[in-house]
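Below is one structure, written out as structure tokens; the observations come after it.
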């Protein structure tokens, strides 16, 4: 019974990571997001963990976030990592439309790297 529960939890976490997070984080790379919006996303993610693990413990939820978000402490940190990756690909792109804004993207990438 315990193995079955472990497999179910692993499946739920994988579905959350593969299906839900990309939908929640879609477009964050290109748009400025306020702290209030990041807090709202953190609230949604914490609620998911509370339901999956049937807990109210902040410590359990925090450990789950660390595990799921690739050692990111918050959705904001996760978003910054995704934005850096997006901007790096944007700067390398040979697309003529991307070329127009490459200097701006490179500057923003440097600013994110200094944080």
Q: Please list, ordered by first then second residue, the pairs with beta carbon atoms under 6 Å, 6 or more apart or interchain, first in segment 9-31 and surrounded by fewer than 14 Cβ atoms within 10 Å (Cβ to Cβ), second assigned to a loop (DSSP other than H, G, I, E, B) and at pLDDT 80 or above.
A: none
Q | Criterion violated by residue 95 - all others in (1) crowded, with 16+ Cβ neighbours inside 10 Å; (2) over 10 Å from the mean Cα position of the chain (by Cα); (3) at pLDDT 85 or above satisfied | A | (1)
Q.
Considering only segment 64-74, I want to know if a residue exists there that is in contact with a helix residue (DSSP H, G or I) (Cβ under 9 Å, 6 or more places away or on another chain), at pLDDT 85 or above and loosely packed, with under 15 Cβ neighbours inside 10 Å.
A. no
Q. Can you tell me which of 5, 25 is within 11 Å of the chain's Cα centre (by Cα) and either at pLDDT 85 or above or on the phi < 0 side of the Ramachandran plot (or both)?
A. 25
Q: Tell me which residues, restricted to segment 32-44, are surrounded by 10 or more Cβ atoms within 10 Å (Cβ to Cβ) and more than 11 Å from the chain's Cα centre (by Cα).
A: 33, 37, 39, 40, 43, 44
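The values are calculated or read from the model by the stated rules, or taken from the named source; none is laboratory data. None of these values were measured; they are calculated from a predicted model. No Cβ is skipped: glycine too gets one built from the backbone with ideal geometry, and neighbour counts run over all protein chains shown.
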